[in-house]
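What follows is one structure encoded as structure tokens, with my remarks underneath.
Nothing in this text is a laboratory measurement; each read-out follows from the coordinates by a stated rule. Since the model is a prediction, treat every value here as computed from it, not as a measurement.
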Ligand SMILES: [Zn+2]
């Protein structure tokens, strides 16, 4: 709640220029192990936008935990205009069980805005709405693909809102996927409150993916710069990158059950009718082709070579102008890889020096 320039989260007030970590008490486990949700607040001396960054709404989606950790280490945060509210683990229960859901099998991201007296998931959603969403002016929610599925780093947002579109463009992920809000999602509830929210989807559940993490950290800094919260410089290459916008997407499903050989990877373009994978079986020599219905870019795929008929295998994004998109994505990846090499050299040198 913000009154008279006061920022109060879960009863703790944060004054201009202060940095605080608030441990919000959550319902205990049934053996009475205490649970809490950590909320980091960095408030600049000068007033400005309040950016809420949430991760691990789905308990097994880990890239966001590392993105938030690296973000909080950035030295420019000492001089920001406005406030950063960062939550590395929202679904603390799912995180503990390494599971997407809560113990009652509810999906937290279908329980928003939640209620004070509802199910555990509903109570958690209610808390996030009241303490994070209400206190923020802008939001970024960090996700990954589900179990055994990888996503090309992408922003999902309803870019019909000019404010959302500007944030999405500034983030500069490889692509933007236009998508309407889903019922019960944090994005829908935030949007109903008039708060622009970007969903960043990158990598796979229960895994750290370095590229997804680096793109995520940089994307958030880019958004903060776009909002006027910082003047922290990033490389000129980012500023040039204009993420292509996909206006629709579709899933390619397994035409039959079987064991799959994948022929197309993330970020690659596909033509209409192209073979993306082949399904075989241990009994006969039959081979069933998995075929793209429309041209596009592979933005999500199954990593498991086993599929039942109907399983979602590839997520394809469709673009009006597909021509340059594959090259753009490749170039962007390359620029991050070069930086990563540089970064690992710095780390190993530091380690050698005991730093
Ligand atoms: Zn998710």
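Here are the numbers for the structure shown:
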| item | result |
| --- | --- |
| Extent along principal axes [Cα atoms of the range 110-252; Å; largest to smallest] | 50, 38, 28 |
| Gaussian network model of the chain, Cα within-10 Å springs - most flexible of 93, 334, 101 | 334 |
| Computed Rg/Rh of the range 247-318, alpha carbon atoms with Kirkwood Rh | 0.96 |
| Relative contact order (%) - the range 247-318, alpha-carbon pairs under 8 angstrom, separation at least six | 44 |
| Prolate/oblate/rounded label for the range 1-146 (Cα gyration tensor, a/c 1.5) | prolate |
| Whole-number percent relative contact order across the chain, with pairs defined as alpha carbons under 8 Å at least 6 apart | 14 |
| Shape of the range 197-282, Cα gyration tensor, a/c cut at 1.5 | prolate |
| Gaussian network model of the chain, springs between alpha carbon atoms under 10 Å - residue of 284, 179, 13 with greatest fluctuation | 284 |
| Percent antiparallel among DSSP beta bridges (both partners in the chain, rounded to 5) | 70 |
| Per-residue [θ]222 nm for the chain (sum of -39500 (n - 2.57) over DSSP H runs n ≥ 4, rounded to 500) | -8000 deg cm²/dmol |
| Span per principal axis, largest first, for the Cα atoms of the chain (Å) | 70, 50, 49 |
